[in-house]
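Scroll down for the structure; my scribbles are underneath it.
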Amino acid sequence: MITSLRSSTYRLAAGAILAVLALGVFAFALPDAAQKREKAEKAAREAAAALARQKEELQAYQDEAERLRADRKALDELLRTMPSEPVGRLHWKLSQVLYDLARKHQVRLVSVKYGAPSREGAKGSLLEALDVEFSVVGVFQNLKPFMLALEGSRLPFAVASAKLDESPEGGHLTVVLRAFRQAPGAAAAEPGEGA
């Protein structure tokens with residue numbers, strides 16, 4: 001019986017030690033594990049947020065790159081189709097169209113002033129601007145179709161400004177047209193090359 005009492009005492013002591021160890025694990029190890037888990041979850045959330053931000057930034061950069069590619073393609077196409085013919089030929093074509101449209105729409109071309117080509121923007125520009133100012137008089141109902149027909153023509157000129165006044169002969173329209181053309185020597189440069 002003493003042997004069984006001793007073994008019971010040993011078992012009780014071992015059980016008590018194990019219980020104290022278990023309480024120590026619960027008291028120290030579990031809160032530490034919970035804190036580590038919370039830190040790991042917080043780090044995972046922050047990493048996911050950072051990844052989402054980086055994906056958004058990357059998408060913005062990709063969109064910007066695509067926009068720049070499209071702009072570059074449009075610019076190359078514009079430069080490819082931009083006239084490079086001599087100024088006199090452009091003026092001649094415009095004169096023919098102006099006089100034909102004036103006759104067709106029963107308005108009178110009063111004056112046409114051709115400006116000299118000028119380089120615009122920074123030095124080394126591949127473009128020259130040509131301005132042409134003309135005045136036309138006629139009935140108001142004829143001036144509108146005249147301008148619409150001029151804008152619809154295949155000329156490389158665009159309306160830079162227009163002013164409509166009243167005159168004793170009817171409407172007096174003063175228009176400045178502007179065209180851009182490749183400067184001499186620019187046609188040899190490849191589109192996409194910087195100057």
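In the set 116, 74, 102, 122, which member is at pLDDT 90 or above and either open to solvent by 40 Å² or more (accessible area, probe 1.4 Å) or not polar (S, T, N, Q) (or both)? Step through it out loud before you land on a result.
Numbers: 116 fails: at pLDDT 90 or above; 74 fails: at pLDDT 90 or above; 122 fails: at pLDDT 90 or above.
That would be 102, the only listed residue that is at pLDDT 90 or above and either open to solvent by 40 Å² or more (accessible area, probe 1.4 Å) or not polar (S, T, N, Q) (or both).
Return only the number of the condition from (1) hydroxyl-bearing (Ser, Thr, Tyr); (2) assigned to a strand (DSSP E or B); (3) surrounded by 14 or more Cβ atoms within 10 Å (Cβ to Cβ) that residue 95 does not satisfy.
(2)
Scan the stretch 64-85 and give yes if some residue there is on the phi > 0 side of the Ramachandran plot and in a loop (DSSP other than H, G, I, E, B), otherwise no. Working first, answer last.
Our first condition is that a residue be on the phi > 0 side of the Ramachandran plot; within the stretch 64-85, this holds for none.
No, the stretch 64-85 contains no residue that is on the phi > 0 side of the Ramachandran plot and in a loop (DSSP other than H, G, I, E, B).
For a quick check of your reading of the model, give me the residue pairs whose first member lies in the stretch 135-160 and is among the polar types (S, T, N, Q), whose second is surrounded by fewer than 17 Cβ atoms within 10 Å (Cβ to Cβ), with beta-carbon atoms closer than 8 Å and at least 6 apart or on different chains.
135/110; 135/111; 135/174; 142/106; 153/97
Restricting attention to the stretch 151-169, does a residue exist that is touching a Ser or Thr at 6+ places or on another chain (Cβ under 9 Å), crowded, with 17+ Cβ neighbours inside 10 Å and either of a type in the set (Gly, Ala, Ser) or at pLDDT 80 or above (or both)?
The answer is no; no qualifying residue exists.
In this structure, is residue 131 outside any helix (DSSP H, G or I) and either touching a Phe, Trp or Tyr at 6+ places or on another chain (Cβ under 7 Å) or open to solvent by less than 100 Å² (accessible area, probe 1.4 Å) (or both)?
It is true that residue 131 is outside any helix (DSSP H, G or I) and either touching a Phe, Trp or Tyr at 6+ places or on another chain (Cβ under 7 Å) or open to solvent by less than 100 Å² (accessible area, probe 1.4 Å) (or both).
The values are calculated or read from the model by the stated rules, or taken from the named source; none is laboratory data. Everything quoted here is computed from the prediction, not taken from an experiment. Positions of Cβ are generated from backbone atoms using ideal geometry, with glycine treated the same way; all protein chains shown enter the neighbour counts. In case anyone asks, the SASA skips ligands and DNA or RNA and just uses the protein heavy atoms, side chains included. Shrake-Rupley method; radii C 1.70, N 1.55, O 1.52, S 1.80 Å.
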